[in-house]
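Undergrad: Before anything else, here's the structure in question.
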Amino acid sequence: MKRGALLHLVPLSLLLAGCTGTQSVLDPAGKDASVLADLFWVLLMGAVVLWLAINGLFFYVTRIEPRSLSRRLAETLVIGGGIVFPFFLLSGLLIYALSIMPDQKLEGTGALVRVTGEQWWWRVEYITEPIVAANEIRLPVDHRTEIKLGADKFIHSFWIPALAGKMDMFPGRETRLAVEPSKVGVYRGQCAEFCGEAHALMSFQAVVLEQDDFAVWLEKERQDAIEPATDLARQGEEIFFEEGCGACHAVRGTEARGQTGPDLTHVGGRLSLGAGILPTDRDAFVDWIRHTKSIKPGVKMPPYVHLSEDKLLALGAYLEGLK
Ligand code: CUA
């Protein structure tokens, strides 16, 4: 292949690379997202056919000898190409699009989780369980369920592109979204409605597990927080209570019962910290506690700049250990 031709393939491959991955509507891992991806391809094909046909006709009539075009043929081209063909094609596409709407219905499925959009993170409550998590939603594969959605103060939009369409979240009003994951994996979700200064930093992970693995995870998550395993972590636990962290955060099984911030009972076992922006290792906890405001502008938690390096490391070790 010529070098010039190869160069043309570079932007194309970059473009196609954007169609796969953990946050792509075109790489569906759920029934509802598959229906939407099919809709996209059908509408795209319809648009391409229409574009080619109309431009082909246009090209044809500008090339032929004007005198060879009878009035009758001209009228046929205008009416057929300009009215009849687009009418039937667009009507067909509309009927197809309307026909898939019932598939997006909830069908009376029970709700597994309630997700609340906070400033700027996601509170995740498992409805029939004592479990409250944050920024991570675990779901069993091949199980149709409903996610109840709400918001604390601002309007957000809940979107896991690989699993389903998006749904707005309002303060004081409940909306619902059906999901039916079909592939085990970790998918990225993102707030899709501008909600304030940290909107772009408001993401989360949807973790789809085999049904057995989900049951095991649920059982583990039901347990109270585990005791600190090392001296450093025990020291961190003391600092946690001295600094009053429990006023905003809950750690089930301890005195910490705060509701303002994320529940930390199993925070060390989550995939991310700060709503999808940091890992959950000790250094990330230290970094977060010291620089909350610069890592996530607008976050309610103040930075704990007065804490010494040793105290921060101990706190980090305690939180990392809350698996
Ligand atoms: Cu929450 Cu944008």
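Undergrad: Scan the range 238-282 for residues that are more than 26 Å from the chain's Cα centre (by Cα) and acidic (D, E) and jot them down.
TA: Correct list: E238, E242, E243, E255.
Undergrad: Can you spot a residue in the range 265-283 that is without any contact (Cβ under 8 Å) to a residue 40 or more places away in the chain, outside any loop (DSSP other than H, G, I, E, B) and over 16 Å from E136 (Cα atoms)?
TA: Checked the range 265-283: at least one residue is without any contact (Cβ under 8 Å) to a residue 40 or more places away in the chain, outside any loop (DSSP other than H, G, I, E, B) and over 16 Å from E136 (Cα atoms).
Undergrad: Keeping to the range 55-87, report how many residues are open to solvent by less than 100 Å² (accessible area, probe 1.4 Å) and either small (G, A, S) or outside any helix (DSSP H, G or I) (or both).
TA: Total meeting the criteria: 9.
Undergrad: Okay, next question. Of all residues in the range 138-160, which are within 15 Å of the ligand (Cβ to nearest atom), open to solvent by less than 10 Å² (accessible area, probe 1.4 Å) and of a type outside the set (F, W, Y)?
TA: L149, H156, S157, I160
Undergrad: Does any residue of the range 191-205 turn out to be within 16 Å of the ligand (Cβ to nearest atom), at pLDDT below 95 and open to solvent by 70 Å² or more (accessible area, probe 1.4 Å)?
TA: yes
Undergrad: Looking at the range 165-185, I want the residues that are among the polar types (S, T, N, Q) and have a partner that is within 16 Å of the ligand (Cβ to nearest atom) and part of a strand (DSSP E or B) with Cβ atoms under 6 Å, at least 6 apart or on another chain. Which pairs are those?
TA: T175/L149; T175/M167
Undergrad: Restricted to the range 171-182, and to residues that are within 16 Å of the ligand (Cβ to nearest atom) and touching a Phe, Trp or Tyr at 6+ places or on another chain (Cβ under 9 Å), which residue is most open to solvent (accessible area, probe 1.4 Å)?
TA: Once the filter is applied, the top-ranked residue is P171.
Undergrad: Quick check on this structure: which one of D263, D212, D224 is among the acidic types (D, E), away from the ligand (no atom under 16 Å from the Cβ) and surrounded by 13 or more Cβ atoms within 10 Å (Cβ to Cβ)?
TA: D263
The values are calculated or read from the model by the stated rules, or taken from the named source; none is laboratory data. No experiment lies behind these values; they were computed from the predicted model shown. When we count neighbours, we look across all protein chains shown, and the Cβ atoms used for this are built from the backbone with ideal geometry, even at glycine. Remember, those area values only see protein heavy atoms, side chains included, never the ligands or the DNA or RNA. Shrake-Rupley method; radii C 1.70, N 1.55, O 1.52, S 1.80 Å.
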